[in-house]
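Some notes on the structure that comes next.
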Amino acid sequence: MIEPMDFLLWVRGSLFDVAVTVFVIGIIIRFFEILSLGRSKDLAEAKGTEFVPGIKTIITRTLPEQGTFKRQPLTIIAGYVFHVGLLVSLVLFIPHIELFRQTFGFGWPGLPNPIVDAAAVLGIVGLLAALWNRITNPVMKILTDNEDYLVWVLTFLPMITGYLAYHRMVNPYPLILGLHILSIELLMVFFPFTKLMHTFTLFLARWYNGAMSGRRGVES
Amino acid sequence: MTGATLERGINAFKEQINAPVAAFFSSCVSCGICAEACLFYTETGDPKYTPIRKLEPLRRVWEQEYTLVGKIKRLLGFEKPVTDELLEEWRELLYDSCTLCGRCSMVCPVGNDIAYMVRRAREGMVASGNSPVDVQAAAVRAVTIGSPMGIKLKALETQIRNIEADTGLTIPLDVEGADYMALLSSMEVINFPEYIESLARIFKQAGISWTLCSEAFEATNTGIQIGSTDIARELVQRAVDGAEKLRVKYVISPECGHAYTAIRWDGPNLIGRPYKFRVVHILELLDELRANGRIKTRNPTNQCMTFHDPCSIVRKGGVLESPRNLMALVNSNFVEMPDHGKWNWCCGGGGGVSANTDAEELRTQVFRRKKLQLEATGATKLVTACANCRLVIEEGLEAYNMELPIEGLTELVAQHLIEDEIPSGTQDSS
């Protein structure tokens, strides 16, 4: 049996480096895969521009169209709650920022722990609601494949282990902290090669959509 | 369409995958929001019609050919192959239940332009021999006869003679050096010749030098609908040749939505070069004539009217304000539908669906969406700007026992046009 402390040191050390390397190189590969396919020049006379409408769509797609919201509130609310909860706990939790500062030499102000704690709970609840929706909503059911469940688990593990670690709900502490870090490493390794990649590619997708519409004089 | 094989189909899918398509597939998280924007889902409740799902064959080819993971999966034998059975099953999804209306492309949270991908996926369906027979037949007629409805120049000439005899107007044909060359859709020639008369009336009053072209009067493009670049290119080339032969400065797209897409947006890319003329949609031109004071109208009615935005014109073509400006000329009691403009719902017959008998029942079922929209307005007349929408809506209303007269916007403007008493002999086409 390895000791919890040794386990923690191991996941914080070489394993973390491996995960970050796979994450970064994977993302570069994915962007290369996409962008190298190119897009032929549009020879039709433009009615509008591409760049500004593209940027605009990147921003506006963050909000749902009213009618769509009314027809599918659970998907949209669960989506927001989960994403906001996840982002707040990831980016505004002081220990996370400190880790970042140690690695890169700079940081930013965080939120008080109780607020981050509440956000984490919301994130977990949102994720559970999204899973419930995926299992019961007929449209999501027909679209869902194994990868959707895989990325759900990969996202859920860091959230739940982080919550357990923060509240010292598992003993010994180094074990649960180690599991938390391990789950993030798993997430990072799978990230570039699964739908988790949408985190980055959605900017590309929204831009193409907005730009191609903008060229035709349409706000998309 | 001869020699269509699965291999050719897969190659065609491969050719259609570019950076936007790859970015779109990479971004989909199977959230299903697109279903809520699609009348084929909202009106049937059947999740198989979820827009992004219609792209499964294209998605598989993308994953297997253009991603590292897909290649590894294939190496290990885990891939889901694209088979003839799959494509046959998907024919209904890519043709019968998609009008390329583009509404899903407007709601996708990650920004996927799904309609753009359906149009591309159809290339693979044609190349693998999985396009619907009716649309195939229309495409063959368009190539061999010159019109998807099989209408020949003779039919147009007869209509021209009739209009000229009835009205005393002149319909110029093959006038070299005219400023504008008008294109028509077959449906206008056969079902709504009032459109041609309206053009003649308005252009005469505005002093526009225009012409029709005997070698290129058909604007509709079955190649765009079925998803065959080769056919689409050949049909666009005819219009381009006609316009360049007559040395016109502008080509006028008819009201018809997909014809506008074909000549305005896809055409130059199909023939591989920019045009030597500009393309303007008839409603844009009329709106410009209005703004410049070259046409004036009278007696706007206070009958309650609403406007159906054809998808290809508004959502995919940006002609949004023009129809509203023109409606204001002729009507003082205009109401919008609950979802209008770029959020309008399709009539259910675009993108080749109206030419596809396999889709007839489904099309009638999903027309309920338009019916609800129309009922919500309380309008007693529907105005639109697409002969295809108009026919589809007429059939839909009939199927639902609903009475509502429909008129084309160009005709309506012509009816309210203030015309000079003395025929101005100066209206020339030289």
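No lab work stands behind these numbers, since they all come straight from the coordinates. The shown structure was predicted, so the numbers you read here are calculated from the model rather than taken from an experiment. Here Cβ is always computed from backbone atoms with ideal geometry, including for glycine, and neighbour counts include all displayed protein chains.
Please give, to one decimal in nm, the separation of the simple spin-label points placed at A:K47 and A:W10, each 7 Å out from Cα toward the Cβ.
Label-label distance for A:K47 and A:W10, simple model: 6.2 nm.
Tabulate in residue order the Karplus-calculated ³J(HN,Hα) for region A:105-113, using 6.51 cos²θ - 1.76 cosθ + 1.60 with θ = phi - 60°, rounded to whole Hz; enter x for Gly and Pro.
For region A:105-113, the Karplus-derived couplings read x, 9, x, 8, x, x, 9, x, 3 Hz, x marking Gly and Pro.
Using only DSSP helix segments of four residues or longer, with each worth -39500 (n - 2.57), what per-residue ellipticity at 222 nm results for chain B after dividing by its residue count and rounding to 500?
Rounded to the nearest 500, the figure is -13500 deg cm²/dmol.
Under a cut-off of 19 Å between alpha-carbon atoms, report the lysines in cross-link reach of A:K141, not counting same-chain residues fewer than 8 places apart.
Qualifying lysines at Cα under 19 Å: A:K195, B:K48, B:K54, B:K80.
Please report the orientation-averaged projected area of region B:130-235, defined via the convex hull of its C-alpha atoms, in nm².
Details: hull surface 28.1 nm².
Averaged projected area of region B:130-235's Cα convex hull equals 7.0 nm².
Using helices alone, I'd like the mean residue ellipticity at 222 nm for chain A: each DSSP H run of four-plus residues gives -39500 (n - 2.57), total over residue count, nearest 500.
So the helix-based figure for chain A works out to -24500 deg cm²/dmol.
Take the Cα atoms of region A:98-138, build their convex hull, and give its volume per residue in Å³.
Convex hull volume per residue, Cα atoms: 95 Å³.
Just to be sure I understand the curve: with the Debye formula and one point per C-alpha of region A:66-144, what is log10 I(q)/I(0) at q = 0.27 Å⁻¹?
Here the Debye-derived log intensity ratios amount to -1.14.
Which chymotrypsin sites (Phe, Trp or Tyr not before Pro) in region B:75-112 pass both tests, a DSSP loop state and at most 12 other beta-carbon atoms within 10 Å?
Numbers: sites: B:F78, B:W90, B:Y95; in loops: B:F78.
Here the chymotrypsin sites (Phe, Trp or Tyr not before Pro) that fit, given the DSSP loop and packing criteria, are B:F78.
Can you give me the Kirkwood hydrodynamic radius for region B:6-131, using every pair of distinct Cα atoms, in Å to one decimal?
Answer for region B:6-131: a Kirkwood hydrodynamic radius of 14.6 Å.
When the convex hull of the C-alpha atoms of chain B is computed, what volume per residue in Å³ does it have?
Measuring per residue, one finds 135 Å³ for the Cα hull of chain B.
What is the spin-label model distance, in nm, from A:V20 to B:T170 if the labels are put 7 Å beyond Cα along the C-beta direction?
Result for the modelled spin labels: 8.0 nm.
Rounded to whole Å and ordered largest first, report the semi-axes of the equivalent ellipsoid of region B:213-309 derived from its Cα gyration tensor (root of 5λ).
Working through the eigenvalues yields semi-axes of 29, 17, 10 Å.
Give the calculated FRET efficiency between A:N171 and A:T136 to the nearest 0.05, with a Förster radius of 45 Å applied to their Cβ-Cβ distance.
That gives a FRET efficiency of 0.80.
Considering amide H positions built from the backbone, and no H for Pro or chain starts, which residues 5 or more places from B:E218, or on another chain, come under 5 Å of its amide H?
Correct list: B:L184.
Which whole-Hz ³J(HN,Hα) couplings does region B:275-287 yield from phi under the Karplus relation 6.51 cos²θ - 1.76 cosθ + 1.60, θ = phi - 60°, glycine and proline marked x?
For region B:275-287, the Karplus curve yields 6, 9, 9, 9, 10, 10, 6, 3, 5, 5, 5, 4, 5 Hz.
Counting each pair of different Cα atoms once, what's the Kirkwood radius of chain A in Å, rounded to one decimal? It would help to have the intermediate numbers written out before the result.
Numbers: mean 1/r = 0.0503 Å⁻¹.
One decimal place: 19.9 Å for the Kirkwood radius.
Could you rank the peptides B:236-242, B:166-172, B:283-289 by their average count of other C-beta atoms within 10 Å per residue, with the highest value first?
Highest mean packing first, the order is B:283-289, B:236-242, B:166-172.
Which values of log₁₀ I(q)/I(0), to two decimal places, follow from the Debye formula for region B:281-363 at q = 0.11, 0.21, 0.22 Å⁻¹ with a uniform point scatterer at every Cα?
These q points yield log10 I(q)/I(0) values of -0.38, -1.01, -1.06.
Hey, can you grab everything whose amide H is under 5 Å from the amide H of B:V279? Only 5+ residues off in sequence or another chain; H modelled, so Pro and N-termini drop out.
B:V251
Let me understand the protein assembly as shown better: what is its radius of gyration from the alpha carbons, and its Dmax, in angstrom?
Rg then Dmax for the protein assembly as shown, in Å: 28.2, 105.
How high is the relative contact order of region B:38-183, given as a whole-number percent (alpha carbon pairs under 8 Å, six or more residues apart)?
With pairs under 8 Å counted, the relative contact order is 16 percent.
Amide H neighbours of B:E407 under 5 Å, counting only residues 5+ apart in sequence or on other chains, H built in-plane at 1.01 Å?
Long-range HN contacts for B:E407: B:L382, B:V383, B:T384.
Assuming a ≥ b ≥ c are the square roots of the Cα gyration tensor eigenvalues, decide whether region B:305-415 counts as rounded (a/c under 1.5), prolate (otherwise, with a/b larger than b/c) or oblate.
Prolate, since a/c reaches 1.5 and a/b exceeds b/c.
Output the relative contact order of region B:141-291, whole-number percent, from Cα pairs under 8 angstrom with separation of 6+ residues.
Reported relative contact order: 24 percent.
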